[in-house]
Amino acid sequence: MSEEIIQVPTSSRAYDVICGRGILDTLGERVRPLVKGSTLLIVTDSHVWPLYGERVADSLRNAGFAISIFAFEAGEARKNLQTYATCLEVMAQSGLTRDDAVIALGGGVVGDLAGFAAATYMRGITVVQVPTSLLAMVDSSVGGKTAVDLQGGKNLAGAFLQPALVLEDVETLATLSPALLTDAFGEIIKHGVLAGPALFNAIADHPLTAPLFGAADCAALDFDRMATIVAANVRVKRDVVVIDERESGIRQTLNLGHTIGHAIEAASNYTLGHGACVAAGLAILSRGATALGLTPAPVTRAIARCIDAYGLPTNTTVGAEAIIERLRMDKKRHGSNVNAVIVRFLGEVEVRPMEIGQFAELVRAGIVS
Ligand code: GLY
């Protein structure tokens, strides 16, 4: 067992992200000092519960907790108000009080939904995030964003609730599909661009997914290297959210590639993975920004090479006009402006308010037709 502890001292709560190998069974002893009460609700899904549920429940029971379980059907389609309402009812039926806590065991859908239920039940109770997907480990479990989707769009009902603890056992990635693992590298490459050449090159020079191409599962992963990369990603995100918990400033840089990425994701009717859309968004944004004289061409080339090496898209078949139309509906639009995150160099980005018309020009220049 090896691990790294990353402290996240946000203004609303200071907590640890523990990242390592073979640490899942230590969850109970780590949660015990953080929760006054004696009852926990494990929120998970139909995919993750059979894989890790009993181990997690045993660890928590051994630490003296009474456990209830809410396992909903896996998939983004269930991250909705109905599942959220059922989760709240299960919390009430389980007798959870303000001293008790929710354990979110699963990927981003579980973490977002369980976090939002915890944020609103009795006006807010403790949540512990136990992410089991790579995307959730490097991104959604850290930083306190919680949400469910509405018919009008993704993540439209939500709240900020920093977790009391995030426990990331990279060995749980062994059961992830290679497609989902690869998809997460869209966010990881984004973090590399934000962090600078050291992390970017560490990711770009030796693609972690390479041994998996053609393999049946992720059990062939280099878990030590994976733990190092995951911890580095958590540190990148930590350094941003401790300064700007509520996305009024620097946290917007985490949206690098997302404005175009979200539009591609929505246009694909969410059939394309989030990470793949972010990767395509990042490549298109950089090419467009290079055409507008904002991003140096060698930086754009390095980003596209890295994305390509991971088997992720650097372009889209969604037309520029369809993307621009979606931008007009983006929830992060500010009046007639979008805050474009522009790469100046690896490790240096700028949040630049742009008129939608100018951003549209960037998008048209960035798409290779
Ligand atoms: N995923 C971007 C953020 O947490 O702010």
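The values are calculated or read from the model by the stated rules, or taken from the named source; none is laboratory data. Predicted model only: the values in this text are computed from it and were never measured. All Cβ positions, even for glycine, are placed from backbone atoms using ideal geometry, and neighbour counts span all protein chains on display. Each accessible area value is taken on the protein alone, full model and side chains, heavy atoms only, with ligands, DNA and RNA left out. Shrake-Rupley method; radii C 1.70, N 1.55, O 1.52, S 1.80 Å.
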*Using a simple spin-label model with points 7 Å from Cα along the Cα→Cβ vector, what separation in nm is obtained for Arg61 and Arg225?*
3.9
*Give the distance, in whole Å, between the Cα centre of region 154-185 and the Cα centre of region 23-68.*
17
*Total formal charge among the other residues, if their Cβ is under 12 angstrom from that of Gly275, Lys/Arg +1 and Asp/Glu -1*: -3
_Under 5 Å between amide hydrogens, which residues at least 5 positions from Ala157 or on another chain qualify, with H placed 1.01 Å from N in the peptide plane?_
Val148, Leu150
*Accessible area per residue, 1.4 Å probe, Å², for the chain: what's the number?*
39
*Would you mind computing, in nm to one decimal, how far apart the modelled labels at Asn269 and Ser38 are, each placed 7 Å from Cα along Cα→Cβ?*
5.2
_Suppose we keep just the DSSP beta bridges with both residues in the chain; what percent of those would be antiparallel, to 5?_
50
*Taking the Cβ of Ile323 as the center, what net charge do the other residues with Cβ under 13 Å away carry, scoring Lys and Arg +1 and Asp and Glu -1?*
-2
*Got the relative contact order for the chain handy, in percent, Cα pairs under 8 Å and 6 or more residues apart?*
14
*When a/c is below 1.5 the answer is rounded, else prolate if a/b is larger than b/c, else oblate, so apply that to region 1-56 with a ≥ b ≥ c taken from the square roots of the Cα gyration tensor eigenvalues.*
oblate
*Summing -39500 (n - 2.57) over the DSSP H runs of n ≥ 4 in the chain and dividing by its residue number, what mean residue ellipticity at 222 nm do you reach, to the nearest 500 deg cm²/dmol?*
-12500 deg cm²/dmol
*Fraction of alpha-carbon pairs over 25 Å apart in the chain - percent*: 52
*For region 87-127, which whole percent of the accessible surface, found with a 1.4 angstrom probe, sits on carbon and sulfur atoms?*
47
*Looking at the square roots a ≥ b ≥ c of the eigenvalues of the Cα gyration tensor of region 233-369, which shape do they give, rounded for a/c under 1.5, prolate if a/b is larger than b/c, or oblate?*
rounded
*Accessible surface of region 298-369 [probe 1.4 Å, protein heavy atoms]: carbon and sulfur percent*: 50
*So how do 243-250, 302-309 stack up, highest first, on mean other-Cβ count within 10 Å?*
302-309, 243-250
